[in-house]
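Have a look at the structure below, then the notes.
Please treat every number below as a calculation from the coordinates, not as lab data. Computed from a prediction, not measured in an experiment: that's the story for all the values here. As a convention, Cβ positions derive from the backbone with ideal geometry for all residues, glycine included, and neighbour counts pool all protein chains shown.
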Amino acid sequence: MSISPSNPHRTGDDPGAREKLVALRGALLRLHKSLIDMERRVYEKEFGAVNVGEFFRLVVDHPQFAWLHNISEFVVRIDETLTGDAPVLPADADTAVTLARKMFTPTTQGDGFQQKYFDAIQSDPNVVMEHGELARLFLSEDSQNKNGKTN
């Protein structure tokens, strides 16, 4: 039986940690899709419509889409954690959430990714919606950590 990264349950894993990673993965995939769609619209406005094969090549090779590779790589690392031989531990989820929170802080003062992300949030309502979902995930994580520490 193959192990799916979207499966919220796997024997040996910490259930809460696995659920956090699955939720983070889903939020990142939806955000990534919104960002790719946004970049496609920008590209097609300038260069004209592209077919699916050409679009795939653009996403992989074109500089306009290169900043989105960070998200792809992040999701791949989550997938590796979720499907790897080692059990998923709370530290795995905590590290991923911490890194995602840092990476997805939109700011004009941050690294190149953060600046591009800031611009995307300013220009596309779908990106705003998905950023809101990611922010809710972070708030939920904060709330759980606060409640967990007081018990």
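Apply the Debye scattering formula to the chain, with a single equal point scatterer on each alpha-carbon and no solvent, then give log10 I(q)/I(0) at q = 0.11, 0.13, 0.14, 0.19 Å⁻¹. Computed log10 I(q)/I(0) values: -0.48, -0.66, -0.75, -1.17. Working from label points 7 Å from Cα in the Cα-to-Cβ sense, the His62 to Arg101 distance is 3.6 nm. Secondary-structure-derived ellipticity at 222 nm for the chain, considering helices only, amounts to -25000 deg cm²/dmol, per-run term -39500 (n - 2.57) for DSSP H runs with n ≥ 4. Under a Gaussian network description of the chain, with springs only between Cα atoms under 10 Å, the residue in Gly48, Gly84, Gly16 that fluctuates furthest is Gly48.
Neighbour counts of C-beta atoms inside 10 Å place Tyr43, Tyr117 in the sequence Tyr43, Tyr117, starting with the fewest. Quote the FRET efficiency, to the nearest 0.05, computed for Ala86 versus Glu46 with a Förster distance R0 of 35 Å and r equal to the Cβ-Cβ distance. That pair, Ala86 with Glu46, gives E of 0.15. The lysines within cross-link reach of Lys146, meaning a Cα-to-Cα straight distance under 22 Å and a gap of 8 or more places when in the same chain, are Lys20, Lys102.
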